[in-house]
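The values are calculated or read from the model by the stated rules, or taken from the named source; none is laboratory data. Predicted, not measured: the structure shown is a model, and the values here were computed from it. Here the Cβ positions follow ideal geometry from the backbone for every residue, glycine too, while neighbour counts run over all protein chains shown. In case anyone asks, the SASA skips ligands and DNA or RNA and just uses the protein heavy atoms, side chains included. Shrake-Rupley method; radii C 1.70, N 1.55, O 1.52, S 1.80 Å.
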Amino acid sequence: MDLKQEELALFIEGEWTKSMEMEPVFDKYTGETIACVSTCTKDDVRHAIASAKEAQNHAFAPYDRYRVLKEVSEQLKANQEEFALLLAAEVGKPIAEARGEVGRAVLTLEISAEEAKRIHGMGVPIEAAPDSPNRQAFTRRVPVGVIAAITPFNVPLNLVCHKVGPGLAAGNSVILKPAETTPLCALRLAELFRQAGLPKGRLNVLTGDGPSIGDWLLESEAVKMVTFTGSPKVGKLLREKAGLRKVALELGNNSATIVHADAHLDVAANLVAQKSFNNAGQVCISVQRVFVHETVFTPFLEKLVSSTEGLVVGDPKNEATQVGPMIAEKEAVRIESWVNEAVKEGAKVEVGGKRDGALFTPTILTNVKETMKVCSEEVFGPVVSVLPYSTEDEVIEKVNQSRYGLQAGLFTNSLSFAMKAAEQIEVGGLIVNDTSGYRVDQMPYGGVKQSGTGKEGPRYAIEEMTEERLVVLNL
């Protein structure tokens with residue numbers, strides 16, 4: 001498949017299949033149409049499910065899974081610039097950041113490949129039970145079968161790899177539904193899997209209307225698990241429709257980072273500026289709420305404003321650009337309205353607050369009330385609110401007031417405060433002396449409360465994507 005062609009097909013049963021209807025994919029900076037992708041029908045979904053189910057009847061040994069995933073990882077690395085340019089176009093991600101995402105995706109697939117050889121059960125000492133001296137038992141981890149994987153627009157390569165990589169490593173078949181606005185990297189990745197010799201049906205890629213495809217997938221009892229990254233609203237709907245099937249959800253967040261009185265302010269300000277505005281703030285763990293101890297509030301704010309003012313906003317294909325456009329102009333308009341609403345309610349814009357089409361300048365707000373949308377909701381844009389606090393207990397309570405709980409950051413040199421925060425802050429991950437935005441791809445990643453259920457990271461996702469089976473031997 002050549003992504004330079006105008007019309008792109010569905011990937012079903014190891015083949016490229018065009019549909020009658022097509023939908024455009026736009027360059028998020030220029031607004032130009034860069035490709036048209038097929039819109040799948042219900043029959044296409046049924047075909048993909050049948051293909052995925054049939055593939056489960058044919059052996060796909062752990063070493064073969066390793067071999068295919070390792071080959072795709074290597075080919076992805078060899079084609080890094082091609083994929084980075086695709087990301088810059090279809091997401092609007094700055095080219096340097098796009099290269100970073102490709103590099104992470106390479107590592108995600110490499111880790112998945114290695115984990116394919118490490119899936120194991122454990123011995124169970126049932127011989128110690130009364131009347132069972134002649135019995136022995138062990139567990140095995142077996143694939144769940146057909147997995148529906150639904151991915152978002154903001155990290156459309158690495159988050160695809162976080163679902164496809166572990167899913168295949170565990171021996172499953174994966175039906176991938178990438179976001180409507182950013183399907184190109186997923187389709188190009190499928191071609192790498194085809195070239196690497198992935199057995200037919202083990203990966204199918206469907207493009208088109210998300211709600212319709214999601215409904216059609218869940219109508220089939222052959223689909224045994226759903227793994228979804230996206231909004232809490234859609235996540236709740238999927239969980240309701242999935243019933244008793246396995247569901248892994250990575251949903252929203254309004255990430256908090258604490259800057260304590262003893263923090264290294266230069267380091268904290270630079271990292272907060274970097275991880276509040278990467279991908280135009282369109283990252284689940286982007287810093288959104290910064291709680292700063294009142295004794296260092298003013299010097300920290302000055303450093304943060306200075307770091308933010310130096311960020312280059314513009315064309316994502318320009319090597320100097322650090323902040324590109326949002327995924328669509330309507331999202332930038334939404335952010336603009338939220339900021340204006342906050343200002344009307346008393347907030348102060350320290351820097352930024354300007355919109356130009358889909359571009360929104362990195363924005364820092366102070367005098368923010370925690371009930372404002374910019375604080376209480378997930379902004380998912382380049383806006384960060386800075387608020388003061390007095391005591392450790394107070395700031396822990398403020399962080400926990402959120403209905404989300406994905407990750408949080410804490411800058412401090414106090415081990416006792418760090419351990420207290422680790423015990424009391426309600427998140428899936430606490431990052432000490434870095435922001436909430438820190439993630440490497442082998443770590444367990446997932447949230448609590450309305451941030452979702454289940455974990456990503458290849459080893460941990462494989463546990464989600466397998467079932468534990470007990471085997472008892474009567475000797």
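Details
- For the residues ALA84, ALA59, ALA88, the requirement of being out of contact with any strand residue (DSSP E or B) (no Cβ under 8 Å at 6 or more places or on another chain), open to solvent by 40 Å² or more (accessible area, probe 1.4 Å) and either over 23 Å from LEU109 (Cα atoms) or modelled with pLDDT of 95 or more (or both) singles out ALA59.
Here's the yes/no breakdown for (1) surrounded by 19 or more Cβ atoms within 10 Å (Cβ to Cβ); (2) basic (Lys, Arg); (3) without any contact (Cβ under 8 Å) to a residue 40 or more places away in the chain:
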position: GLU110; (1), (2), (3): yes, no, no
position: GLU180; (1), (2), (3): no, no, no
position: CYS185; (1), (2), (3): yes, no, no
position: GLU221; (1), (2), (3): no, no, yes
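- Residue check for GLY310: surrounded by fewer than 16 Cβ atoms within 10 Å (Cβ to Cβ), without any contact (Cβ under 8 Å) to a residue 60 or more places away in the chain and at positive phi: no
- Meets criteria (open to solvent by less than 10 Å² (accessible area, probe 1.4 Å) and touching a helix residue (DSSP H, G or I) at 6+ places or on another chain (Cβ under 6 Å)) for ALA256: yes
- If the condition is being assigned to a strand (DSSP E or B) and touching a helix residue (DSSP H, G or I) at 6+ places or on another chain (Cβ under 7 Å), then the range 136-172 contributes GLN136, ALA137, VAL146, ILE147, ALA148, ALA149, ILE150.
- Screening VAL205 on (1) closer than 16 Å to ALA52 by Cα; (2) open to solvent by less than 10 Å² (accessible area, probe 1.4 Å); (3) without any contact (Cβ under 8 Å) to a residue 40 or more places away in the chain shows it passes everything except condition (3).
Residue-by-condition table, conditions (1) polar (S, T, N, Q); (2) open to solvent by 60 Å² or more (accessible area, probe 1.4 Å); (3) over 16 Å from ARG439 (Cβ atoms); (4) not in a helix (DSSP H, G or I):
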| site | (1), (2), (3), (4) |
| --- | --- |
| VAL272 | no, no, no, no |
| LYS275 | no, no, no, no |
| ALA280 | no, no, yes, no |
| CYS284 | no, no, no, yes |
| VAL292 | no, no, yes, yes |
| THR295 | yes, yes, yes, yes |
| PHE300 | no, no, yes, no |
| GLU319 | no, yes, yes, yes |
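- Evaluating LEU237 against the criteria (1) over 20 Å from the mean Cα position of the chain (by Cα); (2) among the hydrophobic types (A, V, I, L, M, F, W, C); (3) surrounded by fewer than 20 Cβ atoms within 10 Å (Cβ to Cβ) leaves one unmet condition, (1).
- Strands (runs of 3 or more DSSP E) (entirely within the range 362-475) containing at least 3 residues that are open to solvent by 40 Å² or more (accessible area, probe 1.4 Å): 466-474
- Scanning the range 11-22 turns up one or more residues that are aromatic (Phe, Trp, Tyr) and either surrounded by fewer than 24 Cβ atoms within 10 Å (Cβ to Cβ) or without any contact (Cβ under 8 Å) to a residue 24 or more places away in the chain (or both).
- Top-ranked residue of the range 30-54 - restricted to ones that are in contact with a helix residue (DSSP H, G or I) (Cβ under 8 Å, 6 or more places away or on another chain) and open to solvent by 20 Å² or more (accessible area, probe 1.4 Å), ranked as nearest to GLY201 (Cα to Cα): ARG46
- Residues of the range 112-124 that are out of contact with any strand residue (DSSP E or B) (no Cβ under 7 Å at 6 or more places or on another chain) and open to solvent by less than 90 Å² (accessible area, probe 1.4 Å): SER112, ALA113, GLU114, GLU115, ALA116.
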